[in-house]
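See below for the structure under consideration.
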Amino acid sequence: MPGLHTDQLIIDIPGRADGTPLNLRIGAGEVWGVLGPNGVGKTTLLHTLSGLRAPRQGNVRLGDTALANLGRRAIARKLGVVFQDQQDGFPATALETALVGRHPWLSPWQMETAEDERIARDALGQLGVDHLSARLVNTLSGGERQRVAIATVLAQNPDTWLLDEPTNHLDLHHQVAVLQLLSEQARCGRSIFMCLHDLNLAARWCDHLLLLYPSGEACWGTTDTMLVPSALERLYGQKLITVEADGAPVFVPVKG
Amino acid sequence: MRGYSRPLMALGGLGLLCIALSVSIGSASLSLTDTLAVLTGSGTPLQQTLILELRLPRTLSAFATGGLLAVAGALMQVLLRNPLADPYILGLSGGAAVGALLAMLAGFAGVLVSGSAFAGAMLATLLVFGLAHGTGSWTPSRLLLTGVVVAAGWGAIITLILAMSPARQLPGMLYWLMGDLSHAGSPGAGLGLLALVCALVFPLGRSLNVLARGPLQAAALGVSVRPLEWLIYVLASVLTAAAVSMAGSIGFVGLVVPHMLRLVLGNDQRLILPACALAGGCLLVLADSLARVVIAPEQLPVGVITALLGVPTFLYLLYRSR
């Protein structure tokens, strides 16, 4: 079965108790959001799901195969990661950066073909940064860099997307545009799994939610079952006012 | 897809020009036509001896040494994601020098000195990279500081050895310390190693490009980061050790050459690494020619010239990175 699954997974955060083992079934066509306060382990979970960090216990499966039994290249063909921040030791242009997404699809002896370049340019176009393709990435604004990073994974073309706060640095319009693009990917049968800080974006764009509590407890399920105001208030330790707009709940923090 | 051949052909042509220039100048100058005549098999016996047996091996050694140092520098810079990494600055040359001087002190010469220098360079690499790595990863500042401190330690040991050495051995030791190509020996092995590495590096090139974006990003894009990092590390150490054992400690070639090439050619390692091999060779051939003629018939150690070029470059890079 396609998708990303975890069996009794406990992520390894030094000095913290095990908490709830995660048995997630992230299926094709689903958009998952991870919610939780700062430092709760959202990024660690994402790195564990992508095989970049060993779990304390349990395992992660990509389709039917355990992640630990797959090579990095085989994983990269199926699973793409958008990190929270991008480091660039040496300057590269936006086009070169997006082209790097083709790496898992090329053999060591192969040069990038015209087709790869077309895919990369197309990805930059879908994120609305094609006019920046010749610019050096380190000269771009935070939001533009974020969109180039997402375009890189779009060029990579994986079945499963893991994104660490993909709306970081983005203005309102581009937040919506990026989430729209991810929903589009899900409609084509891909799985999307992302950490989000904005409760309201999660409520509107995700069909499944995973709530991570500082105690290590976790609960997950479809969005309508998870958006219980009292649970969310406990999650963030913040009183909320719930209103309804455009058919979705909107959570507003209580002042003071 | 992109034009790799034109810049490499241009650098190759430049390399041949530098070599021709280098073999025709010296304490007895030859015209370029005389040089060409000798290289195509004619010319007087004296000219033939001068060029084929004296100047050409030395020039080719300079080319190989420069190329090896530049490629080693470029590889270390990718490994550490830091344009300031250089075999000399990281103290590898210091380790090699201690190895060489100990061999000289024990009365050895030739191959044994080179072998001992090679061992010293490998030991220094292990020491610096091992200490800087610790339990975490290679952070640039930690590595540079470890390199500088370890280099200071090697400096103290070198001073100690010089102080204990009999006076008649001192000139040879000093020349070796400052980088000297007059005892480089046959250039065959160095040139062979350089060609081998360029061939080996091409299929690795794209992975290196990805690695330059950070280990996490590289792993997410399908690069087996640990094996690749170890391979670069061993490769860079072997190249440095080979260069140092040929010509003594010559600094800053690995810093200056990759930096200049990146400004002109961009950051694709598939182009930068072979270009470093050629341009590094050119730079050292020119520096060596200069070293032979500035105060002719006396010779300057070539390391003096590369250091005079390299120190301002390093300071400029450091200044700009803040």
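One residue stands out in region A:44-63 among those that are within 10 Å of chain B (Cβ to nearest Cβ) and touching a residue at least 40 places away in the same chain (Cβ under 8 Å): the one that is nearest to A:Asp198 (Cα to Cα), namely A:Ser50. Of all residues in region B:308-320, none satisfies being charged (D, E, K, R) and within 16 Å of B:Gly67 (Cβ to Cβ). Counting only residues that are among the hydrophobic types (A, V, I, L, M, F, W, C), facing chain B (nearest Cβ under 7 Å) and in a loop (DSSP other than H, G, I, E, B), region A:64-105 holds 3 of them. Among the conditions (1) in a loop (DSSP other than H, G, I, E, B); (2) at pLDDT 90 or above; (3) hydroxyl-bearing (Ser, Thr, Tyr), B:Ser182 misses just one, which is (2).
For (1) in contact with an Asp or Glu (Cβ under 9 Å, 6 or more places away or on another chain); (2) not hydroxyl-bearing (Ser, Thr, Tyr), each residue gets a yes or a no:
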| position | (1), (2) |
| --- | --- |
| A:Gly51 | no, yes |
| A:Leu70 | no, yes |
| A:Val82 | yes, yes |
| A:Thr97 | yes, no |
| A:Ala120 | yes, yes |
| A:Leu136 | yes, yes |
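Within region A:128-138, not a single residue is of a type outside the set (Phe, Trp, Tyr), crowded, with 19+ Cβ neighbours inside 10 Å and within 17 Å of the chain's Cα centre (by Cα). Counting only helices (runs of 4 or more DSSP H) that fall entirely inside region B:1-76 and contain at least 3 residues that are within 30 Å of B:Leu261 (Cβ to Cβ) and either at pLDDT below 75 or of a type outside the set (Val, Ile, Thr) (or both), the qualifying elements are B:5-24, B:32-39. Pairing residues of region B:110-131 that are at positive phi with residues that are surrounded by 24 or more Cβ atoms within 10 Å (Cβ to Cβ) and not in a helix (DSSP H, G or I), at Cβ distances under 9 Å and at least 6 apart in sequence or on separate chains, gives no pairs at all.
Looking across region B:77-87 at every residue that is within 14 Å of chain A (Cβ to nearest Cβ) and assigned to a loop (DSSP other than H, G, I, E, B), the one that is surrounded by the most Cβ atoms within 10 Å (Cβ to Cβ) is identified as B:Ala85.
In region A:116-134, the count of residues that are under 30 Å from B:Leu200 (Cα atoms), assigned to a helix (DSSP H, G or I) and within 9 Å of another protein chain (Cβ to nearest Cβ) is one or more. For region B:144-152, the criterion of being out of contact with any strand residue (DSSP E or B) (no Cβ under 7 Å at 6 or more places or on another chain), farther than 19 Å from B:Leu318 by Cα and more than 14 Å from chain A (Cβ to nearest Cβ) is satisfied by at least one residue. Take B:Ser249 and tell me if it is assigned to a helix (DSSP H, G or I) and either at pLDDT 85 or above or crowded, with 23+ Cβ neighbours inside 10 Å (or both). It is false that B:Ser249 is assigned to a helix (DSSP H, G or I) and either at pLDDT 85 or above or crowded, with 23+ Cβ neighbours inside 10 Å (or both).
Check A:Gln175, A:Gln185 and return the single one that is surrounded by 15 or more Cβ atoms within 10 Å (Cβ to Cβ), closer than 23 Å to A:Gly63 by Cβ, in contact (Cβ under 8 Å) with a residue 24 or more places away in the chain and among the polar types (S, T, N, Q).
The conditions single out A:Gln185.
Just give me the residues in region B:210-225 being within 7 Å of chain A (Cβ to nearest Cβ) and in a helix (DSSP H, G or I), in sequence order. Break it down into steps so the answer makes sense when it comes.
Step one: filter region B:210-225 for residues within 7 Å of chain A (Cβ to nearest Cβ), giving B:210, B:212-214, B:216-217, B:219-224.
Hits for region B:210-225 are B:Val210, B:Leu216, B:Gln217, B:Ala219, B:Ala220.
Here is the figure for region B:287-306: residues that are closer than 15 Å to B:Arg55 by Cβ and more than 14 Å from the chain's Cα centre (by Cα) total 8. Looking at (1) surrounded by fewer than 24 Cβ atoms within 10 Å (Cβ to Cβ); (2) in a loop (DSSP other than H, G, I, E, B); (3) facing another protein chain (nearest Cβ under 9 Å), find the lone condition where B:Leu204 falls short. Among (1) surrounded by fewer than 24 Cβ atoms within 10 Å (Cβ to Cβ); (2) in a loop (DSSP other than H, G, I, E, B); (3) facing another protein chain (nearest Cβ under 9 Å), B:Leu204 violates only (2). Of the residues making up region A:25-43, not a single one is buried (at least 22 other Cβ atoms within 10 Å of the Cβ) and within 14 Å of chain B (Cβ to nearest Cβ). Among the residues of region B:171-227, those identified as polar (S, T, N, Q) and over 22 Å from A:Thr93 (Cβ atoms) are B:Ser182, B:Ser186, B:Ser224.
So that you can scan it fast, the table gives a plain yes or no per residue for (1) in a helix (DSSP H, G or I); (2) more than 20 Å from B:Val23 (Cα to Cα):
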| residue | (1), (2) |
| --- | --- |
| B:Leu261 | yes, yes |
| B:Val264 | yes, yes |
| B:Pro274 | yes, yes |
| B:Gly281 | yes, no |
| B:Leu284 | yes, no |
| B:Pro297 | no, no |
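Flag not set for A:Arg145, criterion: within 30 Å of B:Leu200 (Cβ to Cβ), touching a helix residue (DSSP H, G or I) at 6+ places or on another chain (Cβ under 7 Å), touching a residue at least 40 places away in the same chain (Cβ under 8 Å) and buried (at least 19 other Cβ atoms within 10 Å of the Cβ). On the stretch given as region B:231-243, residues that are modelled with pLDDT under 85 and not polar (S, T, N, Q) total 3.
The values are calculated or read from the model by the stated rules, or taken from the named source; none is laboratory data. These figures come from a predicted structure and were not determined experimentally. In this analysis, Cβ positions are derived from the backbone assuming ideal geometry, glycine residues included, and neighbour counts consider all displayed protein chains.
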